[in-house]
1. Return the long-range amide H neighbours of VAL51 (sequence gap of 5 or more, or a different chain), with a cut-off of under 5 Å between placed amide H atoms.
2. Separation between the ARG38 and GLU54 pseudo-spin-labels, each 7 Å from Cα along Cα→Cβ, expressed in nm?
3. Provide the FRET efficiency to the nearest 0.05 for the ARG25-SER79 pair, computing r from the beta carbons and using R0 = 25 Å.
4. Hey, got the dipole for the range 45-91? About the Cα centre, +1 on K and R Cβ, -1 on D and E Cβ, debye to the nearest 20?
Amino acid sequence: MGEVIRGVLGTGPLRGGVALGRLARSWDRVVGDRLAGRSTPVRLERGALVVSVESSSWAAQATFLAEEIRRRANDILGSEDVRSVRVVVGRPEQNAPRSGSRRPGGV
């Protein structure tokens, strides 16, 4: 059973979700207390960590620190899953992935 669970979590979209959860729980260790209060990791897809910040001034700060964020995120994860960091301005829910294929009512 453990082997099956490790296999499922070790590949595909679930791996990104697990990694993102680990980063979210340790976000202050990745970016520091001040930036952690103004930013949120919103997704990790194909090696790109998308970070949502609340204003353009915080975006400038996060962009400046992108390589450090990448390195620290990988340290937390114990892997090289994060290959790049992309910074977006706005509330995290605005920057969450959209399915695009679902319509109200599940059709």
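1. Result for VAL51 returns VAL42, ARG86, VAL87, VAL88.
2. 0.9
3. Using R0 = 25 Å, I get an efficiency of 0.95.
4. The dipole of the range 45-91 has a size of about 100 debye.
Coordinate-derived values only; no laboratory data. The structure presented is a predicted model; accordingly, all values stated were derived computationally and were not measured. For neighbour counting, all protein chains shown are included, and Cβ atoms are generated from backbone atoms with ideal geometry for every residue, glycine included.
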